[in-house]
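The values are calculated or read from the model by the stated rules, or taken from the named source; none is laboratory data. Here the structure is a predicted model, which means the values were calculated and not measured. Here Cβ is always computed from backbone atoms with ideal geometry, including for glycine, and neighbour counts include all displayed protein chains.
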Amino acid sequence: MRDQIISFFQMPQKTIFNRKIAKKQFHEQGQLKAAEKELFTTEIESIYLLSICKQDTLNVPKFVNSDRRYEEIYWLLASFKSTKRFERMINIFHKVMPNPIVVLATDDNENLSVSTAHKRLNQNDETKVVVENVTNSPWINLTDEGEAVQRFIGRINFNNLSYSNLYSFYDSVNSAIRMSSLIEQIQKYPNIGVSSDELIPLIDSLEDTNRNINQLQELQKEQLDFGEKMELHMKIKKYKQEEDRVLIRIKELC
C-alpha cells in the first residue's frame, strides 16, 4: 500500500522517507491524556512517515511570518484497525505534530481518506501551534475508476500542487480536500482547470444553507402553532431555492 500511494501521488524521490514511527513517539511528543494514548493502541495498526517536504527536498521556498511557520511538511500514512473513532484520532494526529501534516489514513479494505489542517503560531507561546479547521476527504479507493475519484486523486498529485512556497503547497492540498465533499454530495469533482478560489466559497455557501434548512426543519417539528409552522415553511422554501441555485453553479464548474 505504501509503494502504491507513493506512486499514485508521484512523490518526488528526494522527499521519500518511508519509515515506520513507533506509537510511543506520539505519546512522548504530544503530552497526551491516558484515553488518547489508548486510542493509538485500539485504533491504529501502524504509522509511517512517507514523505518530508521542505526546501531542500522539494525545491520549494519555506514560508515564515509572524503567524505561520511552514518549513517542513510531513506526509503520514496511518493504517487504522477501526474507523469508529476516526475523526477523533485524526484530530489527535494534527494536535500532536507541530508541523503541518497530511494524514493518509487507510482502513482494512484499503480505502483511503486524506486529512489536512492549517496551523498558526500561538501568539502567547511560539513553541506551540494552534490547529485550525481539520479537513477530511471521504473514504475512497485508489482503484476506483470513477471520474470524481480520479479527478480528486489527480488534484493532490504532487505534479499538480502549488510550488510558490510551502504554505501554498500545503494549501493546495487542503483546498483539494475541501472540495472532495462534492464526491459524496453530488458524485462529482472539478477538473484540474477549475479554480478552488471560485468553487470553495460556493461549497461554504451550500453547507451554510444546508445547516439553516436543518435548523429550521427541527424548529418546525417542535412548533405547534400553525401560523408559525407556515412561516418556517416559507423560510425553508427560500433556503431550498438558494440551495438549488448554488448546486446548479457547482455542477456547471464540475
Practice item. Considering only residues that are surrounded by 12 or more Cβ atoms within 10 Å (Cβ to Cβ) and out of contact with any helix residue (DSSP H, G or I) (no Cβ under 7 Å at 6 or more places or on another chain), look in region 215-229 and name the one that is modelled with the highest pLDDT. Key: Q215
Exercise for review: For region 166-195, name all the residues that are hydroxyl-bearing (S, T, Y) and more than 14 Å from the chain's Cα centre (by Cα).
Suggested key: Y167, S168, Y189, S195
Check your understanding: Does region 169-186 contain at least one residue that is out of contact with any helix residue (DSSP H, G or I) (no Cβ under 6 Å at 6 or more places or on another chain), among the β-branched types (V, I, T) and part of a loop (DSSP other than H, G, I, E, B)?
Key -> yes
Review point. Restricting the first residue to region 226-245 and requiring it to be among the hydrophobic types (A, V, I, L, M, F, W, C), which pairs with a second residue that is assigned to a helix (DSSP H, G or I) meet a Cβ separation below 6 Å and a spacing of at least six or different chains?
Key: L232/L216; L232/L219; L232/Q220; I236/I213; I236/L216
Review point. Going by the structure shown, is F63 closer than 28 Å to Q123 by Cβ, of a type in the set (F, W, Y) and surrounded by 15 or more Cβ atoms within 10 Å (Cβ to Cβ)?
Key: yes
**Study point:** Residue check, K128 under 17 Å from the mean Cα position of the chain (by Cα) and charged (D, E, K, R)
**Key:** no
